[in-house]
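> One structure follows; several queries about it will come next.
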C-alpha cells in the first residue's frame, strides 16, 4: 500500500450510507491513526437483509486487505449477530486466515469492552423491535453475559438519527431502573447520535455504558498498540485506553 498513517491504518466497512458515526469515530481517534472507509447500502434493517449482506462484506474485506491496511473493522453489529456468537467467530477466523490481517467486528469490540469494564450483567437498548432483539440478547448470552433486558425503541430504520439523545437517555434510564442491580448499560447501533449522553448516564446511574462508537475507538487503539485517553465520552475511553 502506498499510503500509510504513522500510528496505523484501519479499514472500516460501514453497513449503511447513514452519516454521523464515521465522523464521530474519526474525531475521537488519536492523531496519527488513518481511516479508509468503504460502504454497503443496507436500507431496511431487517434480519433477512442483514444475513444477505455477508457476501458484500466479504468483498469489502478483500478490497481492504489488498490495500494492506493494519486492521479491518466490518462495522454493524446486527449483520454479524444474526449469525450467532460462534458463527461470527468462524466468519472472522476464515477471513483472517485468508488475508493475514487482523479483523474485528462491532460485536467483538463490544464484548471486549464489556469485559474490560467488568460488565457481567447489563440491560440493552436498541432501535429495533420484535424478535431480532432476542437474537441480539442471545449473542451476548452465548458470549458469557447475563442479559436482563434488550429493549427496543420503535422508530423507522431510516429515521434513527432523528431521535434526540435526551430521548435515548430517558429510555436507557427507564430500562436500567427496572434492573438496578446490573453492572452496566449497552446501547446497540451507531445510527443514533447519543455520544453526548454516555458520560451523563454513567454519572447519574453510576454504571458503565458501552456505546458502539466509543467501543470502536477503544478497540482500534488496543489493536494498534496506542494508549491515549479521550475525555468526555465515558469510562471506557477515559480510564481504559
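The values are calculated or read from the model by the stated rules, or taken from the named source; none is laboratory data. All of these numbers come straight from a predicted model, not from anything done at the bench. Positions of Cβ are generated from backbone atoms using ideal geometry, with glycine treated the same way; all protein chains shown enter the neighbour counts.
> Just to verify a result, which residue in segment 109-121, among those that are buried (at least 19 other Cβ atoms within 10 Å of the Cβ) and touching a helix residue (DSSP H, G or I) at 6+ places or on another chain (Cβ under 7 Å), is farthest from residue 175 (Cα to Cα)?
Residues of segment 109-121 buried (at least 19 other Cβ atoms within 10 Å of the Cβ): 109-111, 113-114, 117, 119.
Among the residues that remain, those that are also touching a helix residue (DSSP H, G or I) at 6+ places or on another chain (Cβ under 7 Å) are: 109-110, 113, 117.
On the way: 109: 23, 110: 19, 113: 20, 117: 19 Å.
Result: 109.
> Go through the residues of segment 140-161 one by one and say whether even a single one is surrounded by fewer than 21 Cβ atoms within 10 Å (Cβ to Cβ), touching a strand residue (DSSP E or B) at 6+ places or on another chain (Cβ under 6 Å) and farther than 14 Å from residue 186 by Cβ.
no
> Ok, one more. Taking segment 15-24, which residues are out of contact with any strand residue (DSSP E or B) (no Cβ under 7 Å at 6 or more places or on another chain) and assigned to a helix (DSSP H, G or I)?
Of the residues in segment 15-24, the ones out of contact with any strand residue (DSSP E or B) (no Cβ under 7 Å at 6 or more places or on another chain) are 15-16, 18-21, 23-24.
Across segment 15-24, the qualifying residues are 21, 23, 24.
> Now for a different question. Quick one: what pairs do we get from segment 59-71, first residue surrounded by fewer than 18 Cβ atoms within 10 Å (Cβ to Cβ), second assigned to a loop (DSSP other than H, G, I, E, B), C-beta under 6 Å, 6+ apart or different chains?
67/1; 68/1
> State all residues of segment 195-214 that are crowded, with 24+ Cβ neighbours inside 10 Å and not in a helix (DSSP H, G or I); if no residue qualifies, say none.
Residues satisfying the conditions are 208, 209, 210, 211.
> Out of 169, 176, report the one residue that is assigned to a helix (DSSP H, G or I), closer than 26 Å to residue 108 by Cβ and more than 16 Å from the chain's Cα centre (by Cα).
Values: 169 fails: closer than 26 Å to residue 108 by Cβ.
Criteria check complete, one pass: 176.
> Follow-up question, since we're still on this one. Hey, residue 213 hits all of (1) free of Cβ contacts under 8 Å to residues at least 40 places away in the same chain; (2) closer than 30 Å to residue 6 by Cα but one; which does it fall short on?
Exception for residue 213: condition (1).
> Right, something else. I need the full set of residues from segment 111-139 which are farther than 23 Å from residue 155 by Cα, part of a helix (DSSP H, G or I) and touching a residue at least 40 places away in the same chain (Cβ under 8 Å), in order please.
From segment 111-139, those farther than 23 Å from residue 155 by Cα are 111-121; that's our starting set.
Still in the list and also part of a helix (DSSP H, G or I): 111-116.
If the condition is that a residue be farther than 23 Å from residue 155 by Cα, part of a helix (DSSP H, G or I) and touching a residue at least 40 places away in the same chain (Cβ under 8 Å), then 112, 113, 114, 116 are the ones that fit.
> Suppose we filter 35, 12 for residues that are touching a strand residue (DSSP E or B) at 6+ places or on another chain (Cβ under 8 Å), under 22 Å from residue 99 (Cβ atoms) and crowded, with 17+ Cβ neighbours inside 10 Å; which single one remains?
On the way: 35 fails: crowded, with 17+ Cβ neighbours inside 10 Å.
One residue alone meets the criteria, 12.
> Can you find, within segment 38-58, the residue that is surrounded by the most Cβ atoms within 10 Å (Cβ to Cβ) among those that are touching a helix residue (DSSP H, G or I) at 6+ places or on another chain (Cβ under 6 Å) and part of a helix (DSSP H, G or I)?
Among them, the one singled out is 50.
> Being under 20 Å from residue 192 (Cβ atoms), touching a residue at least 24 places away in the same chain (Cβ under 8 Å) and not in a helix (DSSP H, G or I), is that true of even one residue in segment 83-94?
Filtering segment 83-94 for residues under 20 Å from residue 192 (Cβ atoms) gives none.
So far as segment 83-94 goes, no, none of its residues is under 20 Å from residue 192 (Cβ atoms), touching a residue at least 24 places away in the same chain (Cβ under 8 Å) and not in a helix (DSSP H, G or I).
> Follow-up. Go through segment 144-164 and report how many residues are in a helix (DSSP H, G or I) and within 17 Å of the chain's Cα centre (by Cα).
Summing the residues that are in a helix (DSSP H, G or I) and within 17 Å of the chain's Cα centre (by Cα) in segment 144-164 gives 3.
> Checking the conditions here, which among 233, 176, 186 is surrounded by 17 or more Cβ atoms within 10 Å (Cβ to Cβ) and either over 30 Å from residue 72 (Cβ atoms) or without any contact (Cβ under 8 Å) to a residue 24 or more places away in the chain (or both)? First the steps, then the outcome.
Details: 233 fails: either over 30 Å from residue 72 (Cβ atoms) or without any contact (Cβ under 8 Å) to a residue 24 or more places away in the chain (or both); 186 fails: either over 30 Å from residue 72 (Cβ atoms) or without any contact (Cβ under 8 Å) to a residue 24 or more places away in the chain (or both).
Answer to the selection: 176.
> Could I ask something else about it? Checking the condition modelled with pLDDT of 95 or more and part of a helix (DSSP H, G or I), which residue from 61, 69 passes? Before you say what the answer is, go through the steps one by one.
Details: 69 fails: part of a helix (DSSP H, G or I).
That would be 61, the only listed residue that is modelled with pLDDT of 95 or more and part of a helix (DSSP H, G or I).
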